[in-house]
Amino acid sequence: MTSSATPSKAAKKSCCCSLPLFSSPIGRKWIVAITGIVLVLFVIGHLLGNLSIFVGPDAMNSYAAFLKSTGEILWVVRIVLLACVVLHIWFTITLWRENLAARPQKYAVKNDLGTTVYARLMRISGLTVLAFVLYHLAQFTWEAFNPEYKTWVDEQGRHDVYRMVVTAFSCPFVSGFYILAVGLLGMHLSHGIASLFQTLGITTEKLRPVFEKGGLIIAWIIFLGFASIPTAVMFGFVKLPASLPACPFCH
Amino acid sequence: MSTMNFHLRLWKQKSATDKGEFIKIHATEIPSECSFLEMLDIVNNRLTREGKEPVSFASDCREGICGTCHMVINGVPQGPGRGAACQVYMRKFENGQTITVEPFRVGAFPIVKDLVVNRSAYDRIIRSGGFISEHTGGAPDASTSLIPKPVADAAMDAAACIGCGACAAACPNSSPMLFVGAKVTHLGLLPQGQAERKSRARNMVRTMQEEGFGNCSNYYACEAVCPANVPASVIAMLNREYIRGEVSEAVGAID
Amino acid sequence: MILDAKIPEGPIEKKWTSFKNNAKLISPANKRKFKVIVVGTGLAGSSASATLAELGYQVETFCFHDSARRAHSIAAQGGINAAKNYQNDGDSVWRLFYDTIKGGDFRAREANVYRLAEVSGNIIDECVSQGVPFAREYGGELTNRSFGGAQVSRTFYAKGQTGQQLLLGAYSALSAQIGLGRVTMHESSEMLDLVLVDGHAKGIVTRDLITGEIKTHAADTVLLCTGGYSNVYYLSTNARGSNVTATWRAYKRGAAFANPCYTQIHPTCIPVAGDYQSKLTLMSESLRNDGRVWVPKQKGDARLPQDIPEEERDYYLERKYPSYGNLAPRDIASRSAKEVCDEGRGVGPGGLGVYLDFSASIDRLGEKTIRERYGNLFEMYHNITGESAYERPMRIYPAVHYTMGGLWVDYNLMSTIPGLHVLGEANFSDHGANRLGASALMQGLSDGYFVIPNTLGEYLSTQFGKKVSTDMPEFKKTETEARAHVEKLLAVKGNVPVDEFHRQLGLIIWDECGMARSEAGLKKAIADIRALRERFWKEVAIPGTGAELNQSLERAGRVADFLEFGELMCIDALTREESCGGHFRIEHQTPEGEALRHDDKFAEVYAWMFQGQNNDPELVREPLHYEAVHLATRSYK
Ligand SMILES: Cc1cc2nc3c(=O)[nH]c(=O)nc-3n(C[C@H](O)[C@H](O)[C@H](O)COP(=O)(O)OP(=O)(O)OC[C@H]3O[C@@H](n4cnc5c(N)ncnc54)[C@H](O)[C@@H]3O)c2cc1C
Ligand code: HEM
Ligand code: HEM
Ligand code: SF4
Ligand code: F3S
Ligand code: FES
């Protein structure tokens, strides 16, 4: 066997896709991590906003109205979020494809070798969350399933988001799906949050357990926080004024 | 001295292009004190006596330092316990147990024969930057730069890598980041390594990609099997060093 | 034939400087025209390849390993000596020189050893600038440890992995040159023969271990850096692949083999546990600092060690060498262990072992301290033997570790074949009859980084315009011969595995040419080896073909050479009728049983020249002149 200088199978070159940031293994992981941070921050913010449901219809509806009133800013945020979701998914998928190709033949005996189930399920959990988000947008933002949501306004003339959410969650299927989805989101973040510190090169041997525990705690908080809303509706802790009808699907 | 019996499933494959398969061998009367590779020696010598071809596997130092041995024992690259395959002893197994031995399955490590794979991709990664460019005779006195003990120790821990390839073999993505990170960390921590710090990470990662390895998803399976106990924090260091290298090249920064 | 060592004139301190001042230089433009073949990528080969490539030579490097980084040098644990005197404890070039000469029992060449001591400091500088992570103090300074045979602390180390770190340094320098295209690296390529053109070494024949392809390679000079031959004993601390093939084939082409009987046996290794065993593991000598060596007083005492009362134990090293006790030098400690085992007082399987007992130290210092000092060694011992040395004494036994003999070279590291240079453990040059700990690494790197770059010009400056190519008939002829050798092995088609012959050869040599040698034993060994060799060529089994990865074939080629080499070793041991260093002839000992040198007759190098397969080799002597030091008898009482 003879080998001389490093072989140079020049990397595919075309426009800005060939920039190391977008083509190298580590550059792409940085994008996944940074978009991941943005998404996590959104999720946390969204959770805090949604928890206003426990304060009462007025709090939640005024919070929603406030968001609407921000106008262009809301659109900027939406565009940024959309870009992050697209980049996050696009690069995880390109990395994933290469990873599959790098192991053409599988092992006959499988062994998890210390990897966590959260880490192994990243793609599944991520894609489920994506499917959930699409459903969720269709449900609450585009109000595509129940166009009547658009017409619901509260006493002060604001969009009655409270009624919409509680109505939706009073259906056990919807609630069940939400809980499942946020469960997977929690799993995604159980690995994701600690992982992003490693990707960004912040982790040290000492800090790793801190990030791992911290990530797990945050993931649980996010899961429990979101899950508490459908649960509370189902168990009747949060309910509609008696005059209003319940789940639109079930009847 | 007691003896043991095992049911072995050993991978046979004539060449990279051949389709391999497991052969089953009932290995009887194996001394319980012997090492895993000595058990394979015994099996091979029996096959030879029967006029059959032995199963090729690589080894040299047989004390865990040269990195020559490489195989996957019951799904674990380099076998159960810490250390290389040559440091596995038969008393770690149950009498009568079935043991499956297969080669490293990494696209960038093509199979040579049976359990032997070609790991020269690791050499090419080193050639692209895993060194300090200096020439013999040009060195200043060894005591010129003081290196605090914790730094020297951390550099040593990373430098302990034996280049065995188990990290890529264990990684679900076939990623060699632990190996690359070990070298980048070892040289990046030392004052002597500063001059080429940025280009080193850049070039090594580029070669790693060209060789067809996968990318790191922070699974840490590599760390769990590494016979040299290289910690996964070297991957964090590599992630940092690499971006720093690319950014400074992109903006034309001298430092 | 007269061996001209080409030692420069002048006082010993000036020889190397004056050599360099007068050495033949090759201009940069001409260096590019010269091609150098380097066989081996251990410390010697990697450092030489990298340095010569940096200088501008075209270098082609070969090793049988699948990566240059796996050469056996990687396994060295303890450390590397250098006369830096960073500890301010009175070290100097002179002291390192003197310790090495004395350690070698006054059988090494003064001028070479002095040069080694002189460049030792530069090696450390070089390694540090390559990024070798030597151990340091909290303040950042380099630290040192003390090692056998010296009263100063001059050993640099990197945990218990000094050889690994030094080799990785040299490998990285080599890798940089390969990356730049200045070295062409041939891994998994085993040298099968040396090609001579007009009596000069001008190329080699190799077999690609993966494809089986046999090929020739031409160059202006050949450097052999192929390590030592400890594996002639089958069981040794060396890696499985370490072999004598390259140097033996060179010998058969006309290179003199010097002092083959000088071998070093290390006292503290894990004993052999059974005949399946493939290799012996070294346990650091440092264990003897806190362990007491003993065996039962009674023959065949089968009791467990803890059941043997104090008064029935024989702490034989403490008894025989009250002042050095358990810290007696390697050769003496090894031989004493053999004696008590020969008396039937050995412990463990086969009675080949002695106890190294830590219980007194554990009582005195506490288990915690012992764990801190030797934890990793105890763990290694536990992993291999399944026994805990905290609970019961370790069992240790000597094992072959290093070979001082090798191809004869002059001051320029050139063998008796013009153009064939030999570096590292493969040559015989610097350690005499016994090597001090931590000085093999030093020698390998000194040869590769600092000596050969300066001495190569002496030969190459005579070779302008003498281009050779692999099309020449000499290459074709040698290639055909090498091919025939491989085919002859494959044609035997017997049914005895190669390992079987190797193990038997090892037993013969270990018994008769190991720690103690006698005339009758050596004669018997020679006869036994011949018989075994004959059986080998009738019965060896090599399944598979030559055109693929065939590990039986690889091993068979190496064992075939060991089977020839072993005989030469015994002949040398038989001829050297004295005891010195690692060579102990039982006929030559003091009344107390210590080695007895005969300086009047044997202060010389024995170099053997091949005279044809069926003839006795010719002995050529190089007298050793001691101008700077006085010959003295070692005493450790
Ligand atoms: C367990 C152990 C511990 C040791 N500890 C120490 C220590 O603490 N301090 C110390 O100073 N010394 C120590 N030594 C000794 C020292 O390690 C060796 O003497 C030294 O490393 C030899 O280096 P080398 O370059 O000459 O050969 P090696 O490192 O043996 O390299 C030989 C090279 O030649 C190649 N090769 C061999 N034959 C062929 C062939 N036929 N064709 C092609 N290539 C071939 C091999 O591939 C390899 O690359 C130790 C030795 C052992 C066994
Ligand atoms: C709300 C949505 C999401 C959030 C908050 C989120 C968050 C994160 C975070 C923080 C990481 C860690 C990044 C790193 O290790 O550097 C990550 C990684 C990952 N995400 Fe998401 N993610 C989301 C959606 C998705 C979706 C829809 C997918 C679908 C494929 C996905 C797939 C992945 C994968 C595969 C990784 C691991 C990448 C790797 O390590 O190679 N994520 N995500
Ligand atoms: C129980 C849990 C949740 C509730 C009650 C909830 C509620 C809502 C409501 C009411 C809206 C519409 C706001 C408006 O139109 O004014 C909304 C929008 C949205 N939600 Fe949720 N949500 C939940 C969980 C999630 C989760 C887990 C995610 C993401 C992973 C998510 C992502 C989004 C997004 C992306 C929007 C669109 C924001 C925009 O308009 O730009 N939601 N959610
Ligand atoms: S990092 Fe560990 S597993 Fe990877 S090559 Fe080095 S020693 Fe082997
Ligand atoms: S297992 Fe693979 S994913 Fe990264 S942390 Fe190790 S390289
Ligand atoms: S044979 Fe050297 S590490 Fe296993």
#### Entry: Cβ-Cβ under 7 Å pairs, at least 6 apart or on other chains, the range A:56-76 side more than 16 Å from ligand 6 (Cβ to nearest atom), far side of a type in the set (Asp, Glu)
A:Pro57/A:Asp154; A:Asn61/A:Asp154; A:Asn61/A:Asp160
### Query
Does C:Pro398 fit the bill of being in a strand (DSSP E or B) and either within 14 Å of chain B (Cβ to nearest Cβ) or more than 16 Å from ligand 4 (Cβ to nearest atom) (or both)?
yes
### Residues of the range B:223-255 classified as within 16 Å of ligand 6 (Cβ to nearest atom) and either buried (at least 19 other Cβ atoms within 10 Å of the Cβ) or within 8 Å of another protein chain (Cβ to nearest Cβ) (or both), total
5
### Task
Determine whether the range B:96-103 contains at least one residue that is in contact (Cβ under 8 Å) with a residue 24 or more places away in the chain, part of a loop (DSSP other than H, G, I, E, B) and among the aliphatic types (A, V, I, L, M).
no
### Task
Select from the range C:280-311 the residues that are open to solvent by 10 Å² or more (accessible area, probe 1.4 Å), assigned to a loop (DSSP other than H, G, I, E, B) and free of Cβ contacts under 8 Å to residues at least 60 places away in the same chain and list them in ascending order.
C:Lys297, C:Gln298, C:Lys299, C:Gly300, C:Asp301, C:Ala302, C:Arg303, C:Pro309
### Message
Here is a check on your reading of the model: is B:Ala158 within 16 Å of ligand 6 (Cβ to nearest atom), open to solvent by less than 10 Å² (accessible area, probe 1.4 Å), part of a helix (DSSP H, G or I) and of a type in the set (A, V, I, L, M)?
### Response
no
### Task
Scan the range B:196-204 and give yes if some residue there is facing chain A (nearest Cβ under 7 Å), modelled with pLDDT of 95 or more and more than 16 Å from ligand 6 (Cβ to nearest atom), otherwise no.
no
### Query
Out of (1) part of a loop (DSSP other than H, G, I, E, B); (2) within 16 Å of ligand 4 (Cβ to nearest atom); (3) crowded, with 22+ Cβ neighbours inside 10 Å, the odd one out for B:Ser217 is which?
(2)
### Message
If I filter the range C:161-176 for residues that are open to solvent by 10 Å² or more (accessible area, probe 1.4 Å), within 15 Å of C:Ser286 (Cβ to Cβ) and either more than 7 Å from chain B (Cβ to nearest Cβ) or assigned to a loop (DSSP other than H, G, I, E, B) (or both), do I get at least one hit?
### Response
yes
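If the requirement is being surrounded by 23 or more Cβ atoms within 10 Å (Cβ to Cβ), more than 7 Å from every other protein chain (Cβ to nearest Cβ), over 17 Å from the mean Cα position of the chain (by Cα) and not polar (S, T, N, Q), which of these qualifies: B:Gly137, B:Gly129?
B:Gly129
Filter the range C:58-80 for residues that are touching a strand residue (DSSP E or B) at 6+ places or on another chain (Cβ under 9 Å) and open to solvent by 10 Å² or more (accessible area, probe 1.4 Å) and give the result.
C:Gln58, C:Glu60, C:Phe64, C:Asp66, C:Ala75, C:Gln77, C:Gly78
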### Test result for B:Val76, open to solvent by less than 20 Å² (accessible area, probe 1.4 Å), touching a residue at least 24 places away in the same chain (Cβ under 8 Å) and within 16 Å of ligand 5 (Cβ to nearest atom)
no
### Task
Give the number of residues within the range B:182-195 that are at the interface with another protein chain (Cβ under 10 Å from one of its Cβ atoms) and either open to solvent by less than 10 Å² (accessible area, probe 1.4 Å) or not charged (D, E, K, R) (or both).
8
## Note on the structure
Checked the range A:60-92 for anything open to solvent by less than 50 Å² (accessible area, probe 1.4 Å) and closer than 19 Å to A:Gly49 by Cα; matches are A:Met60, A:Asn61, A:Ser62, A:Ala64, A:Ala65, A:Thr70, A:Gly71, A:Leu74, A:Leu81
### Query
Residues of the range A:188-222 being open to solvent by less than 50 Å² (accessible area, probe 1.4 Å) and under 15 Å from the mean Cα position of the chain (by Cα), which ones?
A:His188, A:Leu189, A:Ser190, A:His191, A:Gly192, A:Ile193, A:Leu196, A:Gly215, A:Ala219, A:Ile222
### Query
Any idea which of (1) at pLDDT 95 or above; (2) surrounded by fewer than 15 Cβ atoms within 10 Å (Cβ to Cβ); (3) within 25 Å of B:Gly129 (Cβ to Cβ) is the one A:Trp30 doesn't satisfy?
(2)
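How many of the residues in the range C:104-146 are part of a loop (DSSP other than H, G, I, E, B) and buried (at least 22 other Cβ atoms within 10 Å of the Cβ)?
11
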### Query
How many residues does the range C:238-247 hold that are open to solvent by 10 Å² or more (accessible area, probe 1.4 Å) and either farther than 20 Å from C:Leu194 by Cα or part of a helix (DSSP H, G or I) (or both)?
1
#### Entry: the range C:40-99, residues that are among the hydroxyl-bearing types (Ser, Thr, Tyr), away from ligand 6 (no atom under 16 Å from the Cβ), out of contact with any Pro (no Cβ under 6 Å at 6 or more places or on another chain) and under 16 Å from C:Met185 (Cβ atoms)
C:Ser46, C:Ser47, C:Ser49, C:Tyr57, C:Thr61
### Task
Kindly provide the set of residues from the range C:438-480 that are among the hydrophobic types (A, V, I, L, M, F, W, C) and under 27 Å from the mean Cα position of the chain (by Cα), ordered by number.
C:Ala438, C:Ala440, C:Leu441, C:Met442, C:Leu445, C:Phe450, C:Val451, C:Ile452, C:Leu456
#### Entry: Matching helices (runs of 4 or more DSSP H) fully within the range C:11-103 where at least 3 residues are touching a Lys or Arg at 6+ places or on another chain (Cβ under 9 Å)
C:15-22, C:43-55, C:93-103
### Task
Could you check, for the range B:129-141, whether at least one of its residues is part of a loop (DSSP other than H, G, I, E, B), within 16 Å of ligand 5 (Cβ to nearest atom) and closer than 30 Å to C:Leu142 by Cα?
no
#### Entry: Residues of the range C:524-553 satisfying the condition of being under 15 Å from C:Met569 (Cα atoms) and either among the β-branched types (Val, Ile, Thr) or crowded, with 22+ Cβ neighbours inside 10 Å (or both)
C:Ala525, C:Ile526, C:Ile529
### Query
Since B:Tyr89 meets every condition but one in (1) at the interface with chain C (Cβ under 10 Å from one of its Cβ atoms); (2) in contact with a strand residue (DSSP E or B) (Cβ under 6 Å, 6 or more places away or on another chain); (3) open to solvent by less than 10 Å² (accessible area, probe 1.4 Å), which condition does it not meet?
(3)
### Message
Testing B:Ser143 on (1) within 16 Å of ligand 6 (Cβ to nearest atom); (2) within 7 Å of chain C (Cβ to nearest Cβ), one condition comes back false. Which one is that?
### Response
(1)
### Query
Taking the range C:533-568 only, how many residues are closer than 18 Å to C:Gly405 by Cβ and touching a Phe, Trp or Tyr at 6+ places or on another chain (Cβ under 8 Å)?
6
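Examine the range B:198-211 for a residue that is within 16 Å of ligand 2 (Cβ to nearest atom) and open to solvent by 10 Å² or more (accessible area, probe 1.4 Å), and state whether such a residue exists. Steps first, please.
Start the filter on the range B:198-211 by keeping residues that are within 16 Å of ligand 2 (Cβ to nearest atom), which leaves B:205, B:208-209.
Next, only the ones that are open to solvent by 10 Å² or more (accessible area, probe 1.4 Å) stay: B:209.
Yes; the residues of the range B:198-211 include at least one that is within 16 Å of ligand 2 (Cβ to nearest atom) and open to solvent by 10 Å² or more (accessible area, probe 1.4 Å).
The values are calculated or read from the model by the stated rules, or taken from the named source; none is laboratory data. Just so it is clear, the structure is predicted and the values come from calculations on it, not from any experiment. All Cβ positions, glycine included, derive from the backbone under ideal geometry; neighbour counts span all protein chains shown. Accessible surface areas use protein heavy atoms only, side chains included; no ligands, DNA or RNA. Shrake-Rupley method; radii C 1.70, N 1.55, O 1.52, S 1.80 Å.
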